[in-house]
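Below is one structure, written out as structure tokens, with a few remarks after it.
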Amino acid sequence: MNVPYAVEMLNITKKFPGIIANDNISLQLKHGEIHALLGENGAGKSTLMSVLFGLYQPEEGEIRKDGKPVKINDPNDANALGIGMVHQHFKLVECFTVLDNIIMGVEPVKHGILQKEEARKKIKKLSDKYGLAVDPDAKIEDITVGMQQRTEILKMLYRENEILIFDEPTAVLTPQEIDELMQIMKNLVKEGKSILFISHKLNEIMAVADRCTVLRKGKYIGTVETKNTSIEELSSMMVGRNVSFHVEKKTQTPGETVLEVRNVTVGSKSHHGDSVKNVSFNVRRGEIVCIAGIDGNGQTELVYGITGLEPLKEGTLTLCGKDITKASIRERNIIGMSHIPEDRHKHGLVLDYTLEDNLILERYFTEEFTDKAGFLKRDNIRKYAERLIDQYDIRSGQGPVTTARSMSGGNQQKAIIGREMDKQPELLVAVQPTRGIDVGAIEYIHKQLVQERDKGKAVLLVSLELDEVMDVPDRILVMYEGEIVGEFDPKKTTQEELGLYMAGAKRMEVKV
Amino acid sequence: MRDFLKKPAVQTVIASLVCVVVGMLIGYIVLLIINPSGAGKAILAVLKNFMNYNRTNLKIRNLGNTIVKTAPLLMCALSVLFSYKVGLFNIGASGQYCAGACISLYAALKWNLGWFPCLILAILAGAVLGSIVGCLKSYYNVNEVISGIMLNWIMLYGTNAILTTVKEPTTPYTYHLTDKAPQAILPTLGLGKLFAGNKYIGIAVPLSILAAVLVKIILDKTKFGYELKATGFNRNAAKYCGMAEKRNIILSLVISGALAGCGAALLYLAGYEEWQCSLASVPAMGFNGIAATFLGGLNPIGTIFASFFIQHITTGGSHVDLSMYCSQISELISSLIIYLCGFVLFIKFTLNKVLDRQNGKNGGKN
Ligand SMILES: Nc1ncnc2c1ncn2[C@@H]1O[C@H](COP(=O)(O)OP(=O)(O)OP(=O)(O)O)[C@@H](O)[C@H]1O
Ligand SMILES: [Mg+2]
């Protein structure tokens, strides 16, 4: 191997209708390095990686593997060249087992008979070698996101790929799982693999990457060695200005209660017993209350109960003095509830609708957008969409008429946030609002949350991100196994203390 | 050129044409295998349909006949399309069509009602049937395809049984409307004059076209259409934003049923055909409607043309020379072509992929 680079992408240009997603971008991946790719939402990271993986054909540019020019027409070509990819949204067959997913397409056969045992042995060897714990016989739909991701990684390793692409692998993981993934990645490069790694979390990049390439609005900005740079420098390279990581907010005394949750119990779909057990708390005007906890401790179900996506088994809900225990989702909306959902593809967007139609998803029936005869007022919709796009800096190829599906993940999220905040809600329920969002936009969203609070609105934030939990709210409630096990003032606690409660090692009596 | 080819409307038209051509090719091959000497003539006969007649007058009158049968087909296609937009597959259109035929003929022959009440009853019957499927779907999550197929059979035999009470004693057909219930014949509006005195052509044609336009407007311009499509694309998101998902599912199937039921009345009340009480399978209208929906690119206006084409082929099938082929051949050929019509979406998908590929190959040069 006399060529230093495993993969070179030279002067790549890829256009989509109305936008140049990659404008003359070059990227060189050395053998055995972890190379991070950083950029704002919509900067073109996923697009560049999809070009390398053969999903898109660039208009211009050249790809070299070990110094030799290659043509990658589709993912099969990429695979033949030893290039594998874990996508931003996983591509596993839900009703198949882990083992079946891994060997799919490259099943070992002898005389036309499937040799599952052979595959199982190979998978076992791989998972021991790299510390990728999976249960080969579990179905995908039953396992955690972390294990799904390990399945995706094993899929690449099983195919003996050497170049591994990870598109925002950590956005959906818990902090523990992130640490594990970082370790796995380090093991992989030790064994001679090369990794391309996309993340919006700068501390992760500083921790594992050797070098980092920064993109901005489709253009190449530069490549730096992580040991010679800092988080501040990286963030200003990608956003073009300095980003503040600390949320400024004045102290203020909360006002009257907006949301009252009393003895709420929500059943579980996936297992026996209840996901949320007898939970009570209040959210008042002018405060941000954060529900913290490790993923899967009932936060999702609690939010479903509050927003009306699931019925309550027991307990009552009061919003602005009105009993909403049995109210429909529409009624809750009209009384003043906004909801930034956890899963933007499942609940938040109609991906086949245009951006403008998505922006009116909860107001299309109002007088502003529908006339008395039931016709949509297209002009008003367009005007409204243009204002939100402008105000919330939602970037896309064709503005209001872009299909939501073609937008970058982060910009889809910004569209939802704009829509929910613009409703002027009394209560904003925000579930992981900054998941998959770049640092510049995170700063903006946090400011918006604080602004809502300052305007006297109530905000219920659900977050898995410890930095966010410590920084944004006025009050923290920790959830463990469906119960609230602690209440904290973020100014008077530490991440370590929260961690003990989140892990169930300690608990206190919480009174409303 | 590429930009032109990238337009969805252009793609739909191209894909539809490709399907039609491939369908004819396969039909031709089948004919070749059965009896090579008559294949060319037979496929031409299918395609020429009314042009097979040698007198201009006859040609035009027979074109009229094809159009008379296009109206109900179009209604069935609209029925399938409407529920498809909500993400449901209304395979029950055939049963709803039966219900429409049953009630409209019965009301005309037994109760001597006029055409208008007969038409309304047919619409209601279709709607009731649609609502059954809709309620089963939204309250008990019964798959609409299963309940639709079951109802198709129930309706077929139900219709046979009921209409036996108003059938000719010696044949399996119901009484001629012209003899027994002239008051129930749809107004012709003098449209027959345009088709060399075809006496069956009438209000059904403008009504069905109006229905297509209305469906288009409802889907594209109204709040209701916005809700329906949102539910069809992403049921969870529709629920999340507070749309009455159950109500929308039921309502869309009610409208679908009404369209199909109305379609039947538009045919049988024209007096062009009688119901055959010995039918052992549901009329093909409902299934051909599925093909017309896809051939029309899931667009109500495209469906108008697609319905005409499919009816053209279906009627054309009867012109195949039966001394060379067995009598089922006409249906075999037309259903082959119709079957291929279902592949429009697939062709569109492939076309897009090819375009992307080419783009990558000569991308460096331009
Ligand atoms: N298939 C597509 N069709 C049209 N436009 C697209 C398509 N895919 C991406 N785009 C556009 O290209 C731009 C870059 O998108 P890309 O997904 O590469 O961004 P990203 O850097 O991965 O952002 P994020 O951090 O939000 O995931 C976006 O403006 C997006 O709207
Ligand atoms: Mg991306």
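Annotations for the structure displayed:
- Evaluated on segment A:257-502, the Kirkwood hydrodynamic radius is 18.6 Å, with distances taken between all distinct Cα atoms.
- Under 17 Å of direct C-alpha separation, and excluding same-chain neighbours fewer than eight residues apart, A:K277 reaches these lysines: A:K269, A:K313, A:K511.
- Residue pairs, from the table A:K250/A:K455; A:K414/A:K492; A:K155/A:K414; B:K85/B:K216; A:K14/A:K217, whose Cα atoms sit over 22 Å apart: A:K414/A:K492; A:K155/A:K414
- In segment A:292-401, the trypsin sites (Lys or Arg not before Pro) that fall in loop regions by DSSP, at most 10 other Cβ within 10 Å: A:K372
- Charged-residue dipole, Cβ positions (Lys, Arg, Asp, Glu), segment A:7-239 about Cα centre, Debye nearest 20: 480
- Hydrodynamic estimate: the Kirkwood radius of chain A over Cα pairs, inserted into Stokes-Einstein at 25 °C and 0.890 mPa s, corresponds to D of 100 µm²/s.
- Note on chain A: dipole from Cβ charges, positive end direction compared against A:G67, A:L355, A:G39; the farthest Cα belongs to A:G67.
- Near the amide H of A:R211, within less than 5 Å, lie the amide hydrogens of A:I34, A:A36, A:T226, all on another chain or at least 5 residues away, with H placed in the peptide plane.
- Using the alpha carbons alone, the radius of gyration of segment B:2-365 stands to its Kirkwood radius in an Rg to Rh ratio of 1.00.
- Centre-to-centre separation between the Cα atoms of segment A:325-400 and those of segment B:168-204: 51 Å.
- Cβ-derived FRET efficiency at R0 56 Å, A:R507 paired with B:N141, nearest 0.05: 0.90
- Using only Cα coordinates, the Kirkwood hydrodynamic radius of segment A:7-239 works out to 18.3 Å.
- Bridgeable aspartates and glutamates around A:K190 (alpha carbons under 14 Å apart, same-chain partners fewer than 8 residues away excluded): A:E33, A:E162, A:D210.
- Model label zone, A:E191; criterion: amide N under 15 Å from point 7 Å along Cα-to-beta-carbon; scope segment A:164-179: A:164-165
- The solvent-accessible area of A:V189, taken with every protein chain present and a 1.4 Å probe, is close to 30 Å².
- Dividing the summed -39500 (n - 2.57) terms of all DSSP H runs of n ≥ 4 by the residue count of chain B sets its mean residue ellipticity at 222 nm at -23000 deg cm²/dmol.
- Chain A: calculated mean residue ellipticity at 222 nm from DSSP helix runs of at least 4, using -39500 (n - 2.57): -9000 deg cm²/dmol
- Anisotropy class of segment A:131-171 from Cα gyration tensor, a/c 1.5 cut: oblate
- Lys, Arg +1 and Asp, Glu -1 on Cβ, resulting dipole of the protein assembly as shown about Cα centre, debye, nearest 20: 2760
- Whole-angstrom gap from segment A:74-104 to segment B:239-313, using each part's C-alpha centre: 41
- Förster radius 41 Å - calculated FRET efficiency between A:E94 and A:T253 (Cβ-Cβ, nearest 0.05): 0.25
- Taking 17 Å as the cut-off, the amide N atoms of segment A:448-464 that come nearer than this to a point 7 Å along the Cα-to-beta-carbon line of A:K423 belong to A:449, A:452-453, A:457-462.
The values are calculated or read from the model by the stated rules, or taken from the named source; none is laboratory data. Treat the numbers as computed from the prediction; the structure is a model and nothing was measured. Note: ideal-geometry Cβ built from the backbone for every residue, glycine included; neighbour counts use all protein chains shown. For accessibility, only protein heavy atoms count, side chains too; no ligands or nucleic acids. Shrake-Rupley method; radii C 1.70, N 1.55, O 1.52, S 1.80 Å.
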